[in-house]
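Student: Once you've had a glance at the structure underneath, I'll fire off some questions.
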Amino acid sequence: MGVWVNVGARDENTAESGLSHFIEHMIFKGTRQRSAYQIAKEFDAIGGQTNAFTTMENTCYHAKVMDTHCDTMVEILSDIFLNSIFDPEEIEKERPVILQEIRMIDESPDEYVHLLSGKNFWGDNPLGRSILGSPENIIRFDADSIKTYFHRLYQPDRIVISVAGNVAHTHIIDRVGPAFESIKPGNGIAERITPQSRSHVEVHYKDLEQVHICLGAPGLSITDPRRYAYSLLNTILGGNMSSRLFQEIREKRGLAYTVYSFVTSHVDTGMFGIYLAVDPSRVREATDLVLNEIDKLGAEPVSASELQGAVEYTKGNLLLASESNDNQMVRSAQNEIHYNRIIRLPEIIKKIESVSAAEILELSKSLFQKNKMSLTLLGPVKDKKPFVEILYT
């Protein structure tokens with residue numbers, strides 16, 4: 001079961017940055033009926049697993065139990081979501097935990113470069129900030145600011161309850177309906193601002209063994225009809241071990257242990273990204289190779305065999321993931337939030353199988369324009385001029 005809220009880090013202003021994630025932590029820290037210890041103990045007593053996560057656009061509180069304990073899970077999740085008290089003492093206990101979480105990312109260059117890349121690509125828009133917020137904000141937040149944000153944004157039309165497993169729909173409705181009907185509508189939520197991506201090179205010097213590289217290009221929104229071709233494009237370029245980037249940079253040249261492409265999609269925009277980490281002496285060579293592979297995708301159609309391999313890989317991942325009721329819960333909620341309907345797997349697979357090499361070629365030309373890309377480097381690099389020349393000439 002997941003209780004989803006269509007609210008995330010991009011719905012925060014600068015002074016609120018980090019509140020969505022702070023609330024995610026505090027939800028488990030006590031209600032009018034249960035202390036933080038009691039919440040943990042009651043889930044453990046039924047062999048349950050519970051957690052939460054925050055993204056740029058959503059927050060989800062979820063749990064998983066044996067079907068015989070379904071009612072207990074529903075009751076506890078409903079209680080913590082609806083009746084959390086945000087105790088000032090618990091806030092003080094949790095504050096250093098979140099500050100430590102921020103420091104962990106800062107000290108992990110392979111994660112930190114993604115944060116820097118987002119700031120570089122999205123600029124001052126909330127999409128360019130850390131979901132965790134700034135240390136200054138975390139130190140400042142108190143019970144009043146947390147409660148105010150929670151009650152302003154956690155509104156009925158933003159909440160989706162998704163359940164997957166051996167359970168009847170009517171049974172869940174009977175259990176959650178009376179409780180969640182108590183939530184009162186608020187005064188509306190500010191519209192999300194669609195950012196303009198930036199084309200910029202940033203170098204962040206740090207004494208490391210490797211240089212961590214992130215290249216960002218404009219991507220697609222979650223609902224863009226070209227999303228199926230987008231997914232296959234990602235797989236072909238750097239989404240698996242047979243991808244072009246992995247084969248060229250790791251297998252053929254031994255330049256990097258880790259190299260991959262990834263997609264980040266939001267309701268109104270997106271970013272296509274590439275990450276790798278290389279020896280400082282080979283940064284320019286590696287960057288050239290990445291851009292060369294991008295150029296190839298926009299120069300000629302992918303082969304029939306390469307396209308078919310990407311299709312089968314994508315289908316396999318989808319079908320294997322569908323065997324997990326965790327994934328079923330997530331997919332159902334996201335379908336409801338973004339499409340207002342459940343999109344069945346056969347429909348998705350049919351769309352994937354219908355993608356042509358011509359569509360991928362056209363999409364590559366549309367997305368990968370050098371004057372619209374950003375490049376972020378973290379490591380023992382001081383001069384960005386050579387990389388400006390590589391990217392824009």
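The values are calculated or read from the model by the stated rules, or taken from the named source; none is laboratory data. The structure presented is a predicted model; accordingly, all values stated were derived computationally and were not measured. When we count neighbours, we look across all protein chains shown, and the Cβ atoms used for this are built from the backbone with ideal geometry, even at glycine. To get the accessible areas, we keep the full protein, side chains included, count just its heavy atoms, and leave off ligands, DNA and RNA. Shrake-Rupley method; radii C 1.70, N 1.55, O 1.52, S 1.80 Å.
Student: For the chain, with only Lys/Arg (+1) and Asp/Glu (-1) charged at the beta-carbon, what is the dipole magnitude about the Cα centre, in debye rounded to 20?
Tutor: That gives the chain a dipole magnitude of about 740 debye.
Student: Which of Asn240, Gly254, Leu208 sits closest to the plus end of the dipole of segment 204-260, meaning its Cα is farthest towards the positive end, when Lys and Arg get +1 and Asp and Glu get -1 on the C-beta?
Tutor: Asn240
Student: What is the distance, in nm, between label points placed 7 Å from the Cα along the Cα-to-Cβ direction at Lys370 and at Lys315?
Tutor: For Lys370 paired with Lys315, the spin-label model returns 3.9 nm.
Student: Sticking with this structure for a sec: Give me the 1.4 Å probe accessible area per residue for segment 296-393, excluding ligands and nucleic acids, in Å².
Tutor: Heavy-atom SASA per residue in segment 296-393 reads 55 Å².
Student: Give a residue-ordered list of calculated ³J(HN,Hα) values for segment 264-272 (Karplus: 6.51 cos²θ - 1.76 cosθ + 1.60, θ = phi - 60°; whole Hz; x for Gly, Pro).
Tutor: 10, 10, 10, 5, 10, 6, x, 9, 9
Student: Spelling out what I want: for every residue of segment 171-186, take phi, set θ = phi - 60°, compute 6.51 cos²θ - 1.76 cosθ + 1.60 (Karplus), and round to whole Hz; glycine and proline get x.
Tutor: Those phi angles translate into 5, 5, 4, 5, 7, 8, x, x, 6, 6, 5, 6, 6, 8, x, x Hz.
Student: Does anything in segment 53-67 have its amide N under 18 Å from the 7 Å Cα→Cβ label point of His171, and if so which residues?
Tutor: Residues passing the 18 Å test: 63-67.
Student: Let me ask something additional. Cα-Cα over 28 Å: which of Lys315/Lys365; Lys296/Lys351; Lys296/Lys385; Lys119/Lys206; Lys93/Lys184? Don't jump to the answer; show the numbers that get you there.
Tutor: Numbers: Lys315/Lys365 25 Å; Lys296/Lys351 25 Å; Lys296/Lys385 25 Å; Lys119/Lys206 17 Å; Lys93/Lys184 30 Å.
Correct reply: Lys93/Lys184.
Student: Would you work out which of Ile39, Tyr149, Ser354 lies farthest towards the positive end of the dipole of the chain, given +1 charges on the beta-carbon of Lys and Arg and -1 on that of Asp and Glu, about the Cα centre?
Tutor: So the residue furthest toward the plus end is Ser354.
Student: Within straight cross-link reach of Lys350, meaning Cα distance under 16 Å, which aspartates and glutamates are found once same-chain residues fewer than 8 apart are removed?
Tutor: In chain and number order, the partners are Glu312, Glu359.
Student: Hey, what do the phi angles of segment 52-63 turn into as Karplus ³J(HN,Hα) couplings, whole Hz, using 6.51/-1.76/1.60 and θ = phi - 60°, x for Gly and Pro?
Tutor: 7, 8, 10, 10, 4, 10, 9, 10, 10, 10, 9, 8
Student: Then there is this: For the peptides 155-165, 336-346, 350-360, 4-14, what is the packing order when you average, over each peptide's residues, the other Cβ atoms within 10 Å and list the highest mean first? Show your work: numbers first, answer last.
Tutor: Numbers: 155-165: 17.3, 336-346: 12.0, 350-360: 15.5, 4-14: 20.6.
Output ranking for 155-165, 336-346, 350-360, 4-14: 4-14, 155-165, 350-360, 336-346.
Student: Treating only the Cβ atoms of Lys and Arg (+1) and Asp and Glu (-1) as charged, compute the dipole magnitude of segment 32-120 about its Cα centre; round to the nearest 20 debye. Display every interim value, and only then the final one.
Tutor: Working: 8 positive and 17 negative charges, 14 e Å.
Approximately 60 debye in magnitude.
Student: To continue, here is another question. With each run of n ≥ 4 DSSP H residues scored as -39500 (n - 2.57), what mean residue ellipticity at 222 nm is computed for the chain after dividing by its residue count and rounding to the nearest 500 deg cm²/dmol?
Tutor: Calculated at 222 nm, the ellipticity per residue is -14000 deg cm²/dmol.
Student: Out of the total accessible area of the chain (probe 1.4 Å, heavy atoms of protein only), what percent is carbon and sulfur?
Tutor: 50
Student: Relative contact order, percent, of segment 194-262 when contacts are C-alpha pairs under 8 Å separated by at least 6 residues?
Tutor: Relative contact order comes out at 19 percent.
Student: A follow-up question, please. Of Val311, Ile390, Gly379, which is farthest towards the positive pole of the chain's charge dipole, taken about the Cα centre with +1 and -1 on the beta-carbons of Lys, Arg and Asp, Glu respectively?
Tutor: The one lying farthest along the dipole's positive direction is Ile390.
Student: Ok, one more. Out of the DSSP beta bridges found with both residues in the chain, what percent are antiparallel (nearest 5)?
Tutor: Just about 90 percent of them are antiparallel.
Student: What's the angle, to the nearest 10 degrees (0 to 90), between helix 283-299's Cα axis and the longest principal axis of the chain?
Tutor: Compared with the principal axis, the helix lies near 90 degrees.
Student: Let me ask you something else. Expected output is a single nm value to one decimal: the length gained when fully extending between Ala143 and Asn13, i.e. 0.36 nm times separation in residues minus the C-alpha distance. What is it?
Tutor: That pair, Ala143 and Asn13, stretches by 45.0 nm at full extension.
Student: Taking only Cα atoms, what is the 0 to 90° angle, nearest 10, from helix 304-321's long axis to the longest principal axis of the chain?
Tutor: In the chain, helix 304-321 runs at an angle near 20 degrees to the longest axis.
Student: From largest accessible area down, sort Lys365, Lys93; use a 1.4 Å probe on the protein chains. Write out the running numbers ahead of the final one.
Tutor: Numbers: Lys365 100, Lys93 125 Å².
Highest to lowest solvent-accessible surface, that is Lys93, Lys365.
Student: Taking only protein heavy atoms and a 1.4 Å probe, what accessible area per residue, in Å², does segment 1-138 have with all protein chains in place?
Tutor: Ligands and nucleic acids excluded, the figure is 41 Å² per residue.
Student: Taking the chain as the reference, fit the longest principal axis to its C-alpha atoms, fit the long axis of helix 88-106 to the helix C-alpha atoms, and give the angle between the two in degrees, 0 to 90, nearest 10.
Tutor: It works out to around 10 degrees.
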